[in-house]
Structure formats: structure tokens, C-alpha cells
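As C-alpha cells, the structure follows; a few thoughts come after it.
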């Protein structure tokens, strides 16, 4: 039996459904929703193939105002978006906080440096004062020793013995020419030794 061409069964062609797992690769984080929709349309996807949700639950009206944050896979992937102005405001706030923190850290660093410099200057001043006090004490000790030596020398030079009996009584006899109290009056033989 032969079949007629109208009786032949021809396979019906169903349009190929696009692979929704590719949506996550096309709708990347940071891409504007309008650019992502265009790319998805060019890849053969329709808006029924995915869902768009905002981070605040607001309705997404202008795709150009929204930025993709993530894509949740599934039978119908969900493109999570955030308003561009919210992102910029958050970035500005974060930047301001970082700058404020940086300024605070810089101020703290400068205060620490100033404190360290002040401490070093105070220590240096204390060291110099201690050195000056030690030098002054040494100078006074040397001056006192010099004065005592001078007084002893003067005392020795002022020694006078009326006669050899007085020199013997003082325990100074015999007196040599270089010693205090020596006098030619006490040295009868003029040999440089008195009260022999």
C-alpha cells in the first residue's frame, strides 16, 4: 500500500526552548538591567523566561536605573537588581566613612608622633639637666678641693717658729729650706737645715 503525501506524517517542529541556565552567564553582576535585557533578547530569551526582583521589593519600571546584583538559578531564573542611585549613595557613604577613618587614623598617628617627640625632648632635657647638675657638682667639688689646698698651702706658708724649741714642740724639727716655717734665723750654719 502506498501512502499519499497528505497522509504522510511529518514531524511537527516545536520551537526550541532556550537553555535558561545561560541567563546567569549573560546577566552578569554589575551590568545594567537594560543592557542585560537587550543581551538576553539577542540570545533568544523573552521576559517570560526570567523574573526580575529589586532588593527593596519596589517595582522595576525603568530598566536603565537598575544594576544586576546576582542571578538565582532555577526553572525560571531570578535576576536580583538594585537601584543605581542606591548603589552610588552606598558607595559615597562607604567612601566618606573610609576617608573619615583615614583622617582619624592620621590624626591619631600624628598625636602619637607628637607625644613621642615630646617624650624624647623631655628625656633629652632631663638628661641635659642631670649632666649639668653632675658637672656643677664636680666643679663645686673641684673648687672646694682647690680652696682647701690653697688654705693648707697658706696655712703652711704662714707657719712661724720663734725658736727651735717652738719648732721641736710643734713636731716640725728639723726644718728643711723648702718647708714652711724654715727661717735662716733658725739655721745657724746656713746649710738649708734648721733646728738640727
Picking from 91, 97, 84, which residue would you name as being in contact with a helix residue (DSSP H, G or I) (Cβ under 7 Å, 6 or more places away or on another chain) and either surrounded by fewer than 10 Cβ atoms within 10 Å (Cβ to Cβ) or closer than 30 Å to residue 66 by Cα (or both)? 84
Is region 145-152 home to any residue that is under 47 Å from the mean Cα position of the chain (by Cα), assigned to a helix (DSSP H, G or I), surrounded by 10 or more Cβ atoms within 10 Å (Cβ to Cβ) and not assigned by TED's automatic domain parsing to the domain that holds residue 181? no
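Among the residues of region 156-169, which ones are assigned to a loop (DSSP other than H, G, I, E, B) and surrounded by fewer than 11 Cβ atoms within 10 Å (Cβ to Cβ)? Spell out how you get there, then give the answer.
Here is the first cut: in region 156-169, the residues assigned to a loop (DSSP other than H, G, I, E, B) are 158-163.
Matches in region 156-169: 158, 160, 162.
Condition check ((1) under 30 Å from residue 33 (Cα atoms); (2) out of contact with any strand residue (DSSP E or B) (no Cβ under 7 Å at 6 or more places or on another chain)) across all residues:
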position	(1), (2)
72	yes, no
78	yes, no
97	yes, yes
107	no, yes
126	no, yes
133	no, yes
139	no, yes
148	no, yes
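The values are calculated or read from the model by the stated rules, or taken from the named source; none is laboratory data. Since the model is a prediction, treat every value here as computed from it, not as a measurement. For neighbour counting, all protein chains shown are included, and Cβ atoms are generated from backbone atoms with ideal geometry for every residue, glycine included.
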